1. Can you tell me which condition A:F39 does not meet? The list is (1) without any contact (Cβ under 8 Å) to a residue 24 or more places away in the chain; (2) away from chain B (no Cβ under 14 Å); (3) surrounded by 14 or more Cβ atoms within 10 Å (Cβ to Cβ), and all the others hold.
2. Can you tell which of B:Q30, B:Q14 is closer than 16 Å to A:W308 by Cα, more than 16 Å from the chain's Cα centre (by Cα) and open to solvent by less than 40 Å² (accessible area, probe 1.4 Å)?
3. So is A:S264 surrounded by fewer than 24 Cβ atoms within 10 Å (Cβ to Cβ), more than 12 Å from chain B (Cβ to nearest Cβ) and among the polar types (S, T, N, Q) or not?
4. Among the residues of the stretch A:50-89, what is the count of those that are in contact (Cβ under 8 Å) with a residue 12 or more places away in the chain and over 30 Å from A:D229 (Cβ atoms)?
5. Taking the stretch A:194-237 as the search range and keeping residues that are outside any helix (DSSP H, G or I) and more than 12 Å from chain B (Cβ to nearest Cβ), which one is modelled with the lowest pLDDT?
6. Output the residues belonging to the stretch A:378-429 that are in contact with a Lys or Arg (Cβ under 7 Å, 6 or more places away or on another chain) and farther than 27 Å from A:D511 by Cα.
7. Consider the stretch A:45-56. How many of its residues are surrounded by 15 or more Cβ atoms within 10 Å (Cβ to Cβ) and either over 28 Å from the mean Cα position of the chain (by Cα) or closer than 20 Å to A:Y156 by Cβ (or both)?
8. Residues being in contact (Cβ under 8 Å) with a residue 40 or more places away in the chain and within 22 Å of the chain's Cα centre (by Cα): count how many of those fall in the stretch A:308-329.
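The values are calculated or read from the model by the stated rules, or taken from the named source; none is laboratory data. Everything quoted here is computed from the prediction, not taken from an experiment. Please note: Cβ atoms are built from the backbone with ideal geometry, for glycine as well, and neighbour counts cover all protein chains shown. Accessible surface is based on the protein model in full, side chains and every heavy atom, while ligands, DNA and RNA are left aside. Shrake-Rupley method; radii C 1.70, N 1.55, O 1.52, S 1.80 Å.
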Amino acid sequence: MAISTATKAATDALAANPAPVSVGAQEVHRWMQSFTWDFDKNRTKYSTKYKMANDTKEQFKLIAKEYARMESVKDERQFGSLQDVLTRVDAANRVHPKWNESMKVISNFLEVGEYNAIAATGMLWDSATAPEQKNGYLGQVLDEIRHTNQCAYINYYFAKQGQDAAGHNDARRTRAIGPLWKGMKRVFSDGFISGDAVECSINLQLVGEACFTNPLIVAVTEWASANGDEMTPTVFLSIETDELRHMANGYQTVVSIANDEAASKYLNTDLNNAFWTQQKYFTPVLGMMFEYGSHFKVEPWVKTWNRWVYEDWGGIWIGRLGKYGVESPRSLRDAKKDAYWAHHDLFLIAYALWPTGFFRLSLPTQEEAEWYEANYPGWYDMYGKVYDEWRARGCEDPSSGFLPIQWFIENNHPIYIDRVSQVPFCPSYCKGESTLRVLEYNGKKHSFSDQWGERMWLSEPERYECQNIFEQYEGRELSEVIAEGFGVRSDGKTLISQPHTNKDGKLWTLDDIKKINCVFSDPLKAL
Amino acid sequence: MSKSSNAYNAGIMQKHGKAFADEYFAEDNQVVHESHEVVLVLKKSDELNTVVEEILLGSHKADNPTLVVEDRAGFWWLKATGKIEIDCVEVSELLGKHYSVYDLLVDVSSTIGRAYTLGETFTITSELMGLDVKLKDLAAA
């Protein structure tokens, strides 16, 4: 019987390239190269304006067998720790209640990022022409699947073993009303999977992973440990053991286009856009989660940012590429200002909009206020005194009839949503890099908080048409919207989110919100 | 606390309040500055604790005086000028079991710099691998 063409090709290839006698992983890796995989004329559905070189390497020389063995050991260690010793010592109930709330946000949002990274790296696998580069991307596809499960699992673990499960177990259903969700989808979804393939790689790998996973997945474990959470270091540091290969993938993407003429035309703009896109969300949100979502402080967020983002990512990744024409991101000055102030601005707004969230927030204590003022001189006069006023008006008490959003309305400080990043901002009451810009397009007004997003919007306005909550719920009463958007617990009336983390404190219900008669209005209509 | 310029809280990080802000917002610090340092984050584990304590801070401490290792709760944070290398053949001998470079990668959590493997050696370097320096494959036997 005649053998198939494929079998004959494989037989011939093996005859020409005999398998190595030993099975050392890197010998197998070298042997596989002799098959001269040819993707030079690769056709892809996901095009790029750059020409990716055909000889780019994968830096760890991974073969499937070693990859699978390695990841299996990682999972055994992680799940073994969680299911054995951490459960036995009741670790989930030792977490400080404030940090328990932060992990609702961090893990749920990271899960979305990991999920979208599966698609992003699948796209890059399709676009690349170098066999080893494809191999690197393929490994990353599998990693991202693992990470999606890990993030889901940590929420499952917190919900099952820990305290106040609401928000760990059902966060995603609140995605229509939560003002942080859409911005998160901009960085963790749109930025990774829409548009030019190499630009997506710069967003995901060179900036998202090489830069922001260090505070998001590594530094976060210091804050977790300090606040009694030993589950997060177990899971997140295991996630990060894959990220080093992803960072290498991002670097090799740059290597693959370094000699392409298009790089000199586009790379710095694409890098700046990616840096601004990622920092615009991660900088304030992570800072807010670390500082305002913890009881025990590790260090000021601005120092964490300065170390991991400015000094190390900036100097070691971007600075070293200077001789290949890579420039310091033009938006860095504004990003640094955001790293100092924007998380304070965001917490003020997040606390004011607390009923729309899926996690509990709490006002800074006197001791924390002193810490903020010592580390961010000027903090009290801008933020602290507002929190004192809110507290005095009973913002934590359901019978007070006071929601902090009323303070913004009474003092004529409208809150807008930046059309590009989807991050809320209050231009008349902020210290971060936010100024109001309004443009009209197709009969609709669009607000922007900064020149960098505005520039991205001007180049492709159709990309940024996402409705924000003020447009979506214009004229609707808040308790109706919360009920419709699944912002309540299993009793059908108590809000998932609460303005305090006090276990003995009264919980707000839909009736408490309804009595206040808070109605959504779109601030752009008043302009 | 280490006084090395590579320490976790070196330089500006030792400053507080207004002094920190003044330097952070200084004109010279509004652009990135090229750095020849590398950073390695190692997840704490039975094997990695041995690598850190017995090799990097033990038998090989003199090899790289710029290396700083700090305990950051769940992980070891390492920073050095130039490069950090870990030879897994040596780690195997110390552990008394086979321990390949891929076993090491089970607990290597993050890298800032160009990390790669060659044979049983893991390296993270400030060199631009693939641009200034070619990435090597295992030599043919």
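1. All conditions are met except number (1).
2. B:Q30
3. When the stated conditions are applied, A:S264 passes them.
4. Matching residues across the stretch A:50-89 total 16.
5. The residue in question is A:G195.
6. So the first thing to find is which residues in the stretch A:378-429 are in contact with a Lys or Arg (Cβ under 7 Å, 6 or more places away or on another chain), and the list is A:382, A:397-398, A:400-402, A:421-423.
Hits for the stretch A:378-429 are A:M382, A:S421, A:Q422, A:V423.
7. Residues flagged as surrounded by 15 or more Cβ atoms within 10 Å (Cβ to Cβ) and either over 28 Å from the mean Cα position of the chain (by Cα) or closer than 20 Å to A:Y156 by Cβ (or both) within the stretch A:45-56 amount to 4.
8. Number satisfying all stated conditions: 7.
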